[in-house]
Amino acid sequence: MQEKKGIIAAGLVIGILAVVLVQFGNPANMGICIACFLRDTVGGLGLHRAEVVQYIRPEIMGIVLGAFLMAKGKREYQGRGGSAPFTRFVLGMFVMIGALMFLGCPLRMVLRLGGGDLNALFGLVGFAVGILVGIQFLNRGFTLKRTYRMPAFEGYLFPALNLVLLILLVVAPSFIFFSSKPPGASHAPVLLSLVAGLIVGLLAQRTRLCMVGGIRDAVMFKDWYLLSGFIAILVAVLIGNLILGKFNLGFSGQPVAHTDGLWNFLGMALAGWGSVLLGGCPLRQLILAGEGNGDSVITVLGLAAGAAIAHNFGLASSAAGPTLNGRIAVVIGFVVVFLIAFFNRERSSDFGIKGGVNIDLSGDRR
Amino acid sequence: MIYPVIDARGRSCPEPVILTKKALENNPEGIVVLVDNKTAHENVSRFARNAGYQVRLEQEGPDFRLTLAK
């Protein structure tokens, strides 16, 4: 319990921030959503032209920069990368396509549950099933192989890119798109969003908060550490929404959501399976990207590309429900993720054990 | 006591924990695990303590050497 205090406190703060952001203008049940906000940001850059979801979301930049600062301060920052980058990119793409079928990343799924949106229950069950399927492959030796040390500069580029995005948001040159209708037009003041993002980034870096990791570790190792953060977010959001009168229990009429249970389930199953193979949910990928992890940067770019594809090709759901194209894309996603999971297994004899303890480590590190 | 050494450097989570778990099943008296980042160090240590092992940490340059023993 002692070691869980930190992550529970972090989860409570993040849940409160999510409610506050909605109170100050973010879309309902969308105080913080990594999938939605990457999608909006990609739209703001004009990489897709869905007019209602275009806005450079400063929460994303805050999270990345918060993680960067915390990692720097704690001497955990390290340029690294080289672990199956393009495979991670493709997984990121399909995690996003699954999330936009459901309409939210795993974090928003928790926020939707805390707002009384029962459609998110189908998402949650799908998410858990996707993780369980992924665990079967992890237990059979799935790996994207090791990462390597990279120049520190490699790791600085992504936080720097986020600074550039912030500048573009504030300067608002004419080539940046801003939705005039919700949900893209619904947003809290820039400074509040940025500061909230920074706090989320600092806390999530410190505690390693991860939605996918929560269920994965509980199932694989009976380790409830990460899951307790997930539950703390849910509790804080639930209480916050009840206090503010924003709790609305039911299936129909939920904000930025649809009622197709099967596809809510399948979308999050795809997102869960893909994320467990990636080693973390979209939030965790953003945090790692801020810590200098180039593999996570590639994953975030994959998520961004997935968002652009989802809106350019009409794959993303809307309040009206899923699209035919979206259903086809999710099915293709399952096939691709299966192939990635199947063909990246190592036999246990291939890795790990290096013999006795007396090996000379000094020669090992070059 | 000679413990087998598990090299989990460069592996991202949860792989170091999976390698640790499998290695402890085969070597219940103890193992040495090498990891190269703080998260893996925390996760392997937490798993080992939950499984009833004592964890001794040595920092070796940028790497962590965790000795897990009963």
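The values are calculated or read from the model by the stated rules, or taken from the named source; none is laboratory data. Small disclaimer: the values here were computed from a predicted structure and weren't measured. Note that we place each Cβ from the backbone using ideal geometry, even for glycine, and neighbour counts take in every protein chain shown.
Only one of the numbered conditions (1) at the interface with chain A (Cβ under 9 Å from one of its Cβ atoms); (2) closer than 23 Å to A:LEU144 by Cα; (3) not β-branched (Val, Ile, Thr) is violated by B:PHE64, and that is (1).
Of all residues in region B:26-42, which are more than 8 Å from chain A (Cβ to nearest Cβ) and in a helix (DSSP H, G or I)? Before you say what the answer is, go through the steps one by one.
Just the residues of region B:26-42 that are more than 8 Å from chain A (Cβ to nearest Cβ), to begin with: B:26-31, B:33, B:35-36, B:40-41.
Hits for region B:26-42 are B:ASN26, B:ALA40, B:HIS41.
Only one of the listed residues (A:VAL22, A:VAL13, A:VAL42) is more than 30 Å from A:TRP224 (Cα to Cα), among the β-branched types (Val, Ile, Thr) and in a helix (DSSP H, G or I). That residue is A:VAL42. The criterion of at least 2 residues that are at pLDDT 95 or above and over 30 Å from A:LEU157 (Cβ atoms) is met, among helices (runs of 4 or more DSSP H) falling completely within region A:256-366, by A:261-278, A:324-343. Taking the conditions (1) closer than 27 Å to A:ILE231 by Cα; (2) at pLDDT 95 or above in turn, A:HIS48 satisfies each one other than (1). Evaluate region A:125-141: report whether one residue or more is within 14 Å of chain B (Cβ to nearest Cβ) and of a type in the set (Lys, Arg). The answer is yes, given that some residue of region A:125-141 is within 14 Å of chain B (Cβ to nearest Cβ) and of a type in the set (Lys, Arg).
Applying the condition of being touching a strand residue (DSSP E or B) at 6+ places or on another chain (Cβ under 9 Å) and hydrophobic (A, V, I, L, M, F, W, C) to region B:1-25 and asking which residue is farthest from the other protein chains (Cβ to nearest Cβ) yields B:LEU24.
Could you count how many residues in region A:96-133 are outside any helix (DSSP H, G or I), under 17 Å from the mean Cα position of the chain (by Cα) and of a type in the set (A, V, I, L, M)?
To start, the set of residues in region A:96-133 that are outside any helix (DSSP H, G or I) comprises A:103-105, A:115-118.
Of the ones still in play, those that are also under 17 Å from the mean Cα position of the chain (by Cα) are A:103-105.
Next, from what is left, pick out any that are of a type in the set (A, V, I, L, M): A:103.
Here the count works out to 1.
Right, A:GLY250: more than 14 Å from every other protein chain (Cβ to nearest Cβ), within 14 Å of the chain's Cα centre (by Cα) and not hydrophobic (A, V, I, L, M, F, W, C) or not? Spell out the reasoning first.
Numbers: more than 14 Å from every other protein chain (Cβ to nearest Cβ): yes; within 14 Å of the chain's Cα centre (by Cα): no; not hydrophobic (A, V, I, L, M, F, W, C): yes.
No: the conditions fail for A:GLY250.
Scanning region B:6-25 for residues that are touching a helix residue (DSSP H, G or I) at 6+ places or on another chain (Cβ under 7 Å) and part of a strand (DSSP E or B) gives a single hit, B:ILE6.
Considering (1) of a type in the set (Val, Ile, Thr); (2) farther than 18 Å from A:PHE142 by Cβ; (3) over 9 Å from the mean Cα position of the chain (by Cα), say which one B:ILE18 fails and leave the rest. So B:ILE18 meets the others, but not (2).
Scanning region A:149-192 for residues that are over 24 Å from A:ALA28 (Cα atoms) and among the hydroxyl-bearing types (Ser, Thr, Tyr) yields A:TYR156, A:SER174.
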